[in-house]
Amino acid sequence: MPVIDDARQVTERLGLGSFQPSDEAPRGGRNENVAGTTSRGHEVFVKKLVGSDGAHRLRKLISFEQTCRPHLLPSLRTPECLGWDTATSVVVFHWLKTAEPGHTLAASDSLTDDLARRCGALLASVHATPSRSLAPVPRPSEPSLLKALPLSYYEQASGGELEVWRVLHGDSRVAASLDSLRKASSEAEHTLIHADLRLDQFLFAPQGPLLCDWEEWDVGDPARDIGAFTGEWLHRAVLGMATGAPSDSGGALPPVVDAPSPRARVLDRGLSRLATAREKVAAFWAGYTDTLGKPADDMAVRATGYAGWHLLERVLSGAQRLPHSSTLDRMMLGIGSTALASPRKFVDVIGLGSAS
């Protein structure tokens, strides 16, 4: 495993000692990673940034450590960075062995309302961090894929991706709504933002939650982060519509005459999952607003729009590995584009309170 060889070289170079990998499975994601201990007693999590944008994300991560970390509030907990090596694109963090990522807790229905509230308070600490002196590394300009796909992208895209883009390009609301949302964001008060928020980036340790993976940090509209957290729960809710709930009948089948239709079962599951998602978002929003006070400038409305956009991005990300889009994908595209186009109508529905 190449990342292990790099980990051994880098931990020695940083003076941490020789690296010995653990038997724990690597964490999923777009990067390569491995955890273990060193001969000097350090427990380390080693991340190797890969991909066409790996060099850019490494620069962003280094700039976070050098320019942002000194300004972070004590309430903003994030894993300690022990060093990096630009030649191998490796970054070394203190390994939180007992911490569980948010998506794992959510998958087992163990991410409680209280934990969601604490996530909101933690994100509030991000947005309260003094940001006037921060200068994020600019991201390379990219063409707007909502208008047309470059030939190079088209040739490498999966069948599922192309089907999703066909739907998005056929809905004139999407590009126009996103342009309006970005304009509103440019006029809002800007803060330090994570800018790539997902449930797996919240780590839950006995001492409290932490927020990791600062490879996309920026100074921008805090509604982007709030919308991403909300969009994560909408995504889980729609995916859950295809999953049957465990039976409480002890294995005995109910009489056929009482069995609900497949359509009714999907609808019941959908309503249940959406109710759960709303509870988590409402708890998260309460933690956020209790910490920062009532937000101004229609933040909840913008966050709802970004939740819709997050859902569309989730569909596109999943479609990269599929030959065709699914019924659930098309359902998510409909929900996401509607929330993006008419966010004010859905602010209360998704748990962000009533719009002013």
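The values are calculated or read from the model by the stated rules, or taken from the named source; none is laboratory data. In this text the structure is predicted, and so the values were computed from the model without any measurement. All Cβ positions, even for glycine, are placed from backbone atoms using ideal geometry, and neighbour counts span all protein chains on display.
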Working only within region 3-27, note down all residues that are outside any loop (DSSP other than H, G, I, E, B) and touching a residue at least 24 places away in the same chain (Cβ under 8 Å).
VAL3, ILE4, ASP6, ALA7, GLN9, VAL10, THR11, ARG13, PHE19
Right, TRP217: among the aromatic types (Phe, Trp, Tyr), surrounded by 18 or more Cβ atoms within 10 Å (Cβ to Cβ), modelled with pLDDT of 85 or more and closer than 25 Å to PHE64 by Cα or not?
yes
From ARG117, ARG182, ARG173, which residue is crowded, with 18+ Cβ neighbours inside 10 Å, basic (Lys, Arg) and either under 26 Å from THR304 (Cα atoms) or modelled with pLDDT of 90 or more (or both)?
ARG117
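Would you call GLU163 among the charged types (D, E, K, R), surrounded by 15 or more Cβ atoms within 10 Å (Cβ to Cβ), at pLDDT 95 or above and more than 30 Å from TRP84 (Cβ to Cβ)?
Yes.
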Selected residue (only one of ARG13, ARG57 is of a type in the set (Lys, Arg) and more than 30 Å from HIS235 (Cβ to Cβ))
ARG13
